[in-house]
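Below is one structure, written out as structure tokens; comments come after it.
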Amino acid sequence: MADYHSPLVIQPDIPLGGVTALELFLLTHMLQSEVNDDGVYLFAELSVEEMPAVKAGELRRAYSESAGVESRVLVPVGQWLDEVGYCGDDDGTHFDLDAHLEYSAWIVMLQDITRRSQTVAYFTVSGAYTCTKMRSDGFGGWAALIYPEDVRMQSTNDLLDTFINEAKFPPETWKDL
């Protein structure tokens, strides 16, 4: 069986003063993290955990501490907390935050951080697609630029398509990447 992975790194580090308690809580449940002098370094060794298991009580506390700060995850998290009600503080509960947002929740949070930040104009994300078997669809990469006005992403396959089109090969030589 082949295992597919999507490791990534995010630059620069997130300044601790520029992130809400809710964003920090969610980001560190979706991604791996290391705290250092510059803030929080976020990465995924295997893949982003899009639907993390969280303790409802901890999520409720982070949500309460973040009230009043502009963040697009506040509303869907609040709605979700209202829907599940009080289900015990120690339950590891999975929830799908992405269903309520334009992009993946971690991308939305990074963009919101840039919108509020006086020190971070953008984040870059470098990602890879890997596979434990040599499968043609299991390798590649992508990059993203996340900034207040937009999110730009491009895969290595898109880049190769651009190169092929710019090289002006005749259509009969084109191959699907």
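Here are some notes:
Rundown of residues vs (1) acidic (Asp, Glu); (2) at pLDDT 70 or above, yes/no style:
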| residue | (1), (2) |
| --- | --- |
| Asp82 | yes, yes |
| Tyr86 | no, no |
| Asp90 | yes, no |
| Thr93 | no, no |
| Asp96 | yes, no |
| Ser104 | no, yes |
| Ile107 | no, yes |
| Gln111 | no, yes |
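- Residue selected from region 8-24 under the condition out of contact with any helix residue (DSSP H, G or I) (no Cβ under 8 Å at 6 or more places or on another chain) and modelled with pLDDT of 95 or more, by the criterion nearest to Gly127 (Cα to Cα): Leu8
- Boolean, Arg152 is within 30 Å of Val75 (Cβ to Cβ) and part of a helix (DSSP H, G or I): no
- Of all residues in region 118-131, those satisfying the criterion of being part of a loop (DSSP other than H, G, I, E, B) and either closer than 17 Å to Gly141 by Cα or at pLDDT 95 or above (or both) are Val120, Ala121, Tyr122.
- Among residues of region 58-77 that are free of Cβ contacts under 8 Å to residues at least 12 places away in the same chain and assigned to a loop (DSSP other than H, G, I, E, B), none has a Cβ under 8 angstrom from a residue that is surrounded by fewer than 19 Cβ atoms within 10 Å (Cβ to Cβ) and of a type in the set (S, T, N, Q) at a sequence gap of 6+ or on a separate chain.
- The set of residues in region 37-57 that are part of a loop (DSSP other than H, G, I, E, B) and in contact (Cβ under 8 Å) with a residue 12 or more places away in the chain comprises Asp38, Glu45, Leu46, Ser47, Val48, Glu49, Glu50, Met51, Pro52.
The values are calculated or read from the model by the stated rules, or taken from the named source; none is laboratory data. Model, not experiment: these values are computed from the prediction. No Cβ is skipped: glycine too gets one built from the backbone with ideal geometry, and neighbour counts run over all protein chains shown.
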